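Every number here is computed from the coordinates shown, using simple stated rules; none is lab data. Keep in mind that this is a model prediction, so the values were computed, not measured. Neighbour counts are summed over all protein chains in view; Cβ atoms, including those assigned to glycine, are modelled from backbone coordinates with ideal geometry.
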Amino acid sequence: MAYKTATYNVAWHDDSREFYHRVVASVTKQFPGVQAHALYQPVHGPALAFHRSYSMSHPRAKTGDLVKVTVSFHHDPTAFVPTVTGFSLVEWKPAPAVTPAAPAPPPVPPVEWQITIYDKISGGPFAGLRVKLRLPSGTESWFSTDSKGVIYLKEPDVSAGRVDIVDAMDDSATPTISYKGYARSGLATGGKHTLSIPNERKAIDLVISTAGVNRRSSYGKKTPPYWKMDQDWDYDTVVLHHSGNGGENDPAEIESQHMGSKGYDDVGYHFMINLSGKIFEGRHLAFKGSHVEKANTGKIGVLMMGDFEHQIWDVDDDPTIVQIASLGKLVGALKAILPTLAKMGGHRDYKPSTECPGGEMYKLIPGLRSGTGLGGP
Ligand SMILES: [Zn+2]
């Protein structure tokens, strides 16, 4: 069978920088059922020519035959229409758009923990708190909250699993304040967790500055063994004392007596106010006082310096107006940080065998209660 050979040219404009073309020309209508000759010519690399011409031949094609052209390539199939010379173009069929590959699944987000610790008193962040965490690996490590009160953990430092708070402390200054009671177990994998812990040091500093308290460091000569002392907080009662005949008008002397002959770990009272209205810090308020025998928990000890029990055989004092005013200021500052503070009493209310805080001081307590919004024992 003799086949005619005709040549037809397919040309197109191509300004792409990368291409892979497949050109198929088939003779239609006049040659039904005839397998078209196809030229498959992949071209790679930068397009240097604006026109690419492919010659294709078919044994039975002749000039005037209608040609169907299919061109497929990687780029925008609507960018050009080929021109066919020698034949008529009956159909221009851009290649169907290539179905894009299924998008890669989104990367699995890394496991992250954000533990935010708020100051229970101010509501602001508790910065610089050291927190010991048990990580999913089982190891325990110390972390510190940042300026926003946040501890941030992320893979690969931690893997999925459970994180427990096993300890917390504020060792940013002396004494170290332990918050072990705020340990929490079973923080879920990842996510955000919040906790409120009172920043006791900050709260005490506020009392000191608000009430104009002279710090322990201004007179103290000894450092208490804080490591073996009991902490206390959430105080509900202010207990008033007086010095009595024993003197106790010099805070340094009180420190010496309490930590010496009396064998206390520290000054027994939390605060001391002299007749001039000067307030001294005694035992750090984060620690339980030693001023009411066997019943110190929850009680803030305040010594009103002087002997307020009138006896004919000794020199007695009366509480001074400035001393009482300082007490009022101190109690106001304490109430601001301790919502639990509700009562005020004299030492004798808790230990009937003592005359402390002296009859003259004791008489003033009801008025002080109404002035400070506190109730009785
Ligand atoms: Zn007392």
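Per-structure values
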{"read-out": "Farthest toward positive dipole pole in region 201-372 [+1 Lys/Arg, -1 Asp/Glu at C-beta], among GLY346, ALA333, THR372", "value": "ALA333"}
{"read-out": "For VAL315, VAL166, order by how many other beta-carbon atoms lie within 10 Å, fewest first", "value": "VAL315, VAL166"}
{"read-out": "Cβ-based net charge around VAL331, under 12 Å, with every Lys or Arg adding one and every Asp or Glu removing one", "value": "+4"}
{"read-out": "Entries of LYS202/LYS222; LYS154/LYS180; LYS202/LYS288; LYS202/LYS299; LYS148/LYS228 with Cα pairs more than 28 Å apart", "value": "LYS148/LYS228"}
{"read-out": "Cβ charges +1 (Lys, Arg) and -1 (Asp, Glu), total dipole of region 112-198, debye", "value": "200 debye"}
{"read-out": "Long-range HN-HN contacts of LYS120 with modeled amide H, under 5 Å", "value": "ILE197, ASN199"}
{"read-out": "For ILE165, net neighbour charge (Lys/Arg +1, Asp/Glu -1) across residues whose Cβ lies under 14 Å away", "value": "+3"}
{"read-out": "Residue order, fewest to most beta carbons within 10 Å, for TRP227, TRP313", "value": "TRP313, TRP227"}
{"read-out": "Under 12 Å, Cβ to Cβ, from ASP265 - net charge with Lys/Arg +1 and Asp/Glu -1", "value": "+2"}
